[in-house]
1. Over the chain, what relative contact order in percent results from Cα pairs under 8 Å that are six or more residues apart?
2. Only bridges with both residues in the chain count here: give the DSSP antiparallel percent, nearest 5.
3. Of the heavy-atom accessible surface of the stretch 1-99 (probe 1.4 angstrom), what whole percent is carbon and sulfur?
4. Once the other residues with Cβ under 9 Å from the Cβ of residue 17 are scored (Lys, Arg +1; Asp, Glu -1), what is the net sum?
5. Please work out which option in (1) 19; (2) 23; (3) 38 gives percent of Cα pairs over 26 Å apart calculated from these coordinates, and answer with its label.
6. From the phi angles alone, apply the Karplus equation (6.51, -1.76, 1.60; θ = phi - 60°) to the stretch 28-38 and give each ³J(HN,Hα) in whole Hz, x where the residue is Gly or Pro.
7. Counting only heavy atoms of the protein chains, get the accessible area per residue of the chain (1.4 Å probe) and round it to a whole Å² value.
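The values are calculated or read from the model by the stated rules, or taken from the named source; none is laboratory data. Predicted, not measured: the structure shown is a model, and the values here were computed from it. Glycine also receives a Cβ, built like all others from the backbone with ideal geometry; neighbour counts cover every protein chain displayed. Surface areas here come from the heavy atoms of the whole protein model, side chains and all, with no ligands, DNA or RNA. Shrake-Rupley method; radii C 1.70, N 1.55, O 1.52, S 1.80 Å.
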Amino acid sequence: MKPLVLVDIDGVLNPFGRPSADFRRYRCVLDGEIYMVHLNPRHGTWLLELAVRAGAELVWATTWEHHANDWISPRLGLPRLPVIRVPHQEAGAAGEMFKTPHVAAYVKGRPFVWFDDLLFAGDERFLRDHPEVGDFLLVQVAPDRGLTRRHVDLAAEWLTLSGFSQGP
């Protein structure tokens with residue numbers, strides 16, 4: 001089965017801390033609200049390279065939902081990506097964040113890597129116990145720094161060891 005690479009935006013591609021000079025600032029308007037985001041164009045390159053090497057499908061797993069394709073994808077050089085609907089709710093009874101049940105329903109047994117800043121033990125427990133979730137790697141990203149090359153390399157190594165990478 002073709003693996004998935006799930007990507008969050010805020011705290012991952014748009015860090016909450018002071019971004020380095022590699023980031024560009026953008027003004028986005030979503031449903032009448034103005035948001036300032038800081039994006040690093042290299043993130044798009046890294047994610048595309050990861051997907052190509054692993055034969056994986058990139059997917060948005062973010063509260064931006066379809067707005068990600070309008071505002072984030074073009075600024076990172078990404079194509080329009082599938083979106084996991086993640087209506088905001090309270091955390092679950094097992095301590096999982098509100099996105100985790102939606103991710104579990106979406107993956108349908110496909111292996112996946114998930115880049116997010118809000119992944120904790122409750123999320124891993126929920127996914128391991130869910131009958132329709134297969135192999136996965138959760139990559140917790142520090143929200144003040146955002147995605148780094150180390151995170152992407154960790155995902156590439158896991159995909160290689162899992163037999164998905166096509167080599168360098």
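1. Over the chain, the number comes to 30 percent.
2. Antiparallel: roughly 30 percent of the beta bridges in the chain.
3. 51
4. Spelling it out: positives minus negatives among the neighbours equals +1.
5. Matching entry in (1) 19; (2) 23; (3) 38: (2).
6. Coupling constants for the stretch 28-38: 10, 10, 10, 6, x, 9, 9, 10, 9, 10, 10 Hz.
7. For the chain, the per-residue accessible area is 50 Å².
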